[in-house]
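Working notes, structure below.
Since every read-out is calculated from the coordinates, none of them should be taken as a lab result. Quick caveat, the model's predicted, so the values are computed rather than measured. A quick note on method: Cβ atoms are made from the backbone with ideal geometry, for glycine too, and the neighbour counts reach across all protein chains shown.
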Amino acid sequence: MKPNFSMTQRLLMNPAAEGGLSAGTPQGGDSPAAAAKRPNLIEETFRKLGETGGTALIPFLTVGDPDLDTTLDIIEQLEQAGADVLELGVPYSDPLADGPVIQRASARALEQLITVRTCLDVARRARERGVKMPFVLFTYYNPILQTGLDLFFEEAARNGISGLIIPDLPYEESEDMLQRADRVNIALIPLVAPTSSERIEKILRSGRGFVYCVSSLGVTGERASFHDGVDAFIRDVKSRTDLPVAVGFGISGRDQVQRFSELCDGVVVGSAIVRTIETLIPDLMNADKREDALLQIRKFVAELKV
Amino acid sequence: MIGQVPDAKGRYGEFGGRFVPETLMNALIELEESYLKFSADADFNAELNDLLKQYSGRETPLYYAKRLTEHFGGAKVYLKREDLNHTGAHKINNALGQGLLAVRMGKKKVIAETGAGQHGVATATVAALLGLECKVFMGEEDMHRQQLNVFRMRLLGAEVVPVVSGTKTLKDAGNEALRYWVSHVQDTFYILGSAVGPHPYPLIVRNFQRVIGDETRRQILETEGRLPDTIVAAVGGGSNAIGMFYPFVGDADVDFIGVEAAGKGIDTPLHAATMSLGTKGVFQGSMSYLLQDEYGQVQPAHSISAGLDYPGVGPEHSYLKDVGRAKYVPITDEEAITALKLLCRTEGIIPALESAHAVAHAAKIAPEMGADRILVICLSGRGDKDVESIMAYEKEGGDAQ
């Protein structure tokens, strides 16, 4: 059954969304001006890691795959496994930048009627459970657009979102979003690709939080090997910015994390984690095996931490 | 009055733009630059015009449909016979243009998405003609509906890649083509088939299709000594319609009617009536009207015609609608089938199911127009490919697909 309520009606029906933030929430409902002055939690995290020479482990999961309670349980496991920043993937009907693994996760989550609003709720509920790491919302442009930009940014800030990745919003189309994000101290994280060449300079100029280097041409998904030029590409980006640089797309195992951690400040692992969750769905849905399945996910992610 | 669109950012008013992964941005900029360069190049245009004439058989006739006119008992009806093009539809106009552009840009591999298979066949044909390697992405559902076209593409040496994601129709074929292009952007040219997608595609496709309207304008002036009162064309993504409308945009007395697919009816969930029921959103690289839910998830479309079975529409059509220059109306599967049969029996022409939607709307308005009025229908393609779909529809008492 599909709910028929408008976004505003949903908000009214969910008073918890309006308040109830834990004291520890760093970006909880104060004025936009005040919010803009505080350091962003992503920047704080990278600064602390920088002091010890550590590399941020940035896992990705699709919210609501296989259901919301499991997502919340997995988020706790990810933090305990050593995750530093979390990408919360908003499921979308037409995920252009994603390979089959995340496409399937999106489809499963959409069966659970997951919306942008639900994803923001998950961020708030994870905070209430004591999860400390910064949250980056990964979403295609259209779901935010239909939420309404004013409402989206207000709610994202209120629910403790520190960063935003919009894979189909290139620099040229991002001005309005960047200004709106700045006003509520949310980092609109720029993506640079191996094909960006002379575009890198202007993309970096408006960068916030960290720079997301797309490791290779193509969509998300595990890769056995990387293009020869990838190291030079990452070094080039590193040399042009003071922002932390994270690498993603195709990184799936400890060796690869190790390899990239020598070049940059953070490593994103997406499809490999989503696939691990996918294979464990029957166990996650079985009360007797759930605990063990959650531990397996934690173990898989802990292995990635270098 | 309507301004020059698109602007430098590829915007048609608030529509259009370029919403794609960063990996594709430089490829789109390079495509735009190459297009602007070669479209102003005399050799390029001479080669394209020669192929349009000698290879595709242009110009296509603007045929006075006497018996159809008598049947309607109103406006004088002309058919722009794009069905007489080589490969059987208007799609070849654009495929030849983009294929030549691919060659000029030094690309040896081309990809395409296809719904009904007409653009896939056109691209496979052009690839064979120009010696290019060709992959066509096609929804598995459409491969069943259009087996003849799948076979044609394979005969022509193209690889047909079945798309099993999402609704397994045109929108997913488009997604898969874009995903493939992201991975192979350095040596592959994406021959996009409709006036949709990120800038500069809607512009390029419109300009390669405007030959339809340019010829029609010249032909009607020759035959009738004046412009038509109304032009009707089917709209899925909207390439034949924009190609037909565009040369008349400045002629305020010429009415444009785009006909979209109402499937089982716009009061049912099974339709592709993007203009009648859609809202503004970003889909497959541009801002336009879109069938979506309130959370921004794209809704599956439905039409008996695979070429109109698409939840989006070209940004220039959304612009023409919003500025009031064009009107868009829905036609159901059943109305389209009835019109298809009417054209078969009055004129001996089997139109494509897509084009039959335009004929169906003409059937509604022509009888109401005076005998001194002129109505032009863009007959975008021929119906041989649809014979199986029509047989299935008949067999199931109008309930197929």
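Quick look at the numbers
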item	result
Taking the C-alpha atoms of region A:134-206, convex hull volume expressed per residue in Å³	87 Å³
Which of A:CYS119, B:CYS134, B:CYS344 has the fewest Cβ neighbours within 10 Å, and the rest in rising order	B:CYS344, B:CYS134, A:CYS119
Zero-based 20 Å bins, Cα pair distances in chain B, whole percents	31, 62, 8
Distribution of pairwise C-alpha distances over region A:256-306, 10 Å bins, in %	24, 43, 23, 9, 1
Dipole of the protein assembly as shown, positive direction: furthest Cα of B:LEU130, B:ILE377, B:SER303, with charges on the beta-carbon	B:LEU130
Distance from region A:168-193 to region B:121-180 (C-alpha centre basis), Å	36 Å
Relative counts (whole %) of C-alpha pair distances in region B:275-367, using bins that are 10 Å wide	16, 40, 31, 12, 1
Mean projected area in nm² (Cα convex hull; one quarter of hull surface) for region B:164-253	7.5 nm²
Cα centre as origin, Lys/Arg/Asp/Glu Cβ charges: chain A dipole, Debye	360 debye
Net lengthening on full extension, B:THR338/B:ASN45 (0.36 nm per residue, minus Cα-Cα)	101.4 nm
Residue order, fewest to most beta carbons within 10 Å, for B:ASP384, B:ASP267	B:ASP267, B:ASP384
Computed over region A:32-187, the ratio Rg/Rh where both radii use C-alpha atoms and Rh is Kirkwood	0.95
Neighbour-count order for A:ASP255, A:ASP121, A:ASP65, fewest beta carbons within 10 angstrom listed first	A:ASP255, A:ASP121, A:ASP65
Solvent-free Debye scattering, log10 I(q)/I(0), computed from the Cα coordinates of region B:11-84 at q = 0.19, 0.20, 0.22 Å⁻¹	-0.89, -0.91, -0.96
Prolate/oblate/rounded call for region B:164-317, Cα gyration tensor, a/c under 1.5 rounded	oblate
Spatial extent of region B:69-117: Rg and Dmax, with the Cα atoms as the point set, Å	17.1, 54
Reduced Cα scattering model of region B:1-149, Debye log10 I(q)/I(0), q = 0.09, 0.18, 0.21 Å⁻¹	-0.40, -1.22, -1.30
Inter-part distance where region B:362-379 and region A:85-115 are each reduced to a Cα centre, Å	48 Å
Given charges at beta-carbon only (K, R positive; D, E negative), |dipole| of region B:50-93 in Debye	100 debye
Among beta bridges that DSSP assigns inside the protein assembly as shown, antiparallel share in %, nearest 5	20 percent
B:GLU388-B:MET105 pseudo-label distance in nm [points 7 Å out on the Cα-to-Cβ vector]	3.3 nm
Cross-link pairs B:LYS91/B:LYS321; A:LYS238/B:LYS109; B:LYS66/B:LYS264; B:LYS327/B:LYS395; B:LYS80/B:LYS135; B:LYS53/B:LYS321 - those with Cα-Cα distance over 27 Å	A:LYS238/B:LYS109; B:LYS66/B:LYS264; B:LYS327/B:LYS395; B:LYS80/B:LYS135; B:LYS53/B:LYS321
Eligible aspartates and glutamates near B:LYS168 by straight Cα distance, threshold 18 Å, same-chain separation 8 or greater	A:ASP94, A:ASP98, A:GLU111, B:GLU113, B:GLU140, B:GLU141, B:ASP142, B:GLU159, B:GLU176, B:ASP309
Estimated translational D of region B:1-51 in µm²/s (Stokes, Kirkwood radius over Cα pairs; 37 °C; 0.692 mPa s)	252 µm²/s
Net charge dipole size for region B:129-193 [Lys, Arg +1 and Asp, Glu -1 on Cβ; Debye, nearest 20]	140 debye
Calculated SAXS-style log₁₀ I(q)/I(0) at q = 0.12, 0.14 Å⁻¹ - chain A, Debye, Cα scatterers	-0.74, -1.05
Karplus-derived HN-Hα couplings along region B:87-99 (A = 6.51, B = -1.76, C = 1.60, θ = phi - 60°), whole Hz, x at Gly and Pro	6, x, 6, 5, 4, 5, 4, 6, 5, 5, x, 5, x
Percent of beta bridges antiparallel (DSSP, chain B, rounded to nearest 5)	30 percent
Equivalent-ellipsoid semi-axes of region B:109-207, from the Cα gyration tensor, Å, largest first	18, 16, 13
Distance cut-off 37 Å, percentage of C-alpha pairs in the protein assembly as shown lying past it	40 percent
Region A:174-306 - Rg and Dmax from Cα coordinates, angstrom	17.2, 55
Region B:23-39-region A:221-266 distance, computed between alpha-carbon centres (Å)	28 Å
Farthest toward positive dipole pole in region B:58-144 [+1 Lys/Arg, -1 Asp/Glu at C-beta], among B:MET143, B:GLY120, B:GLY74	B:GLY74
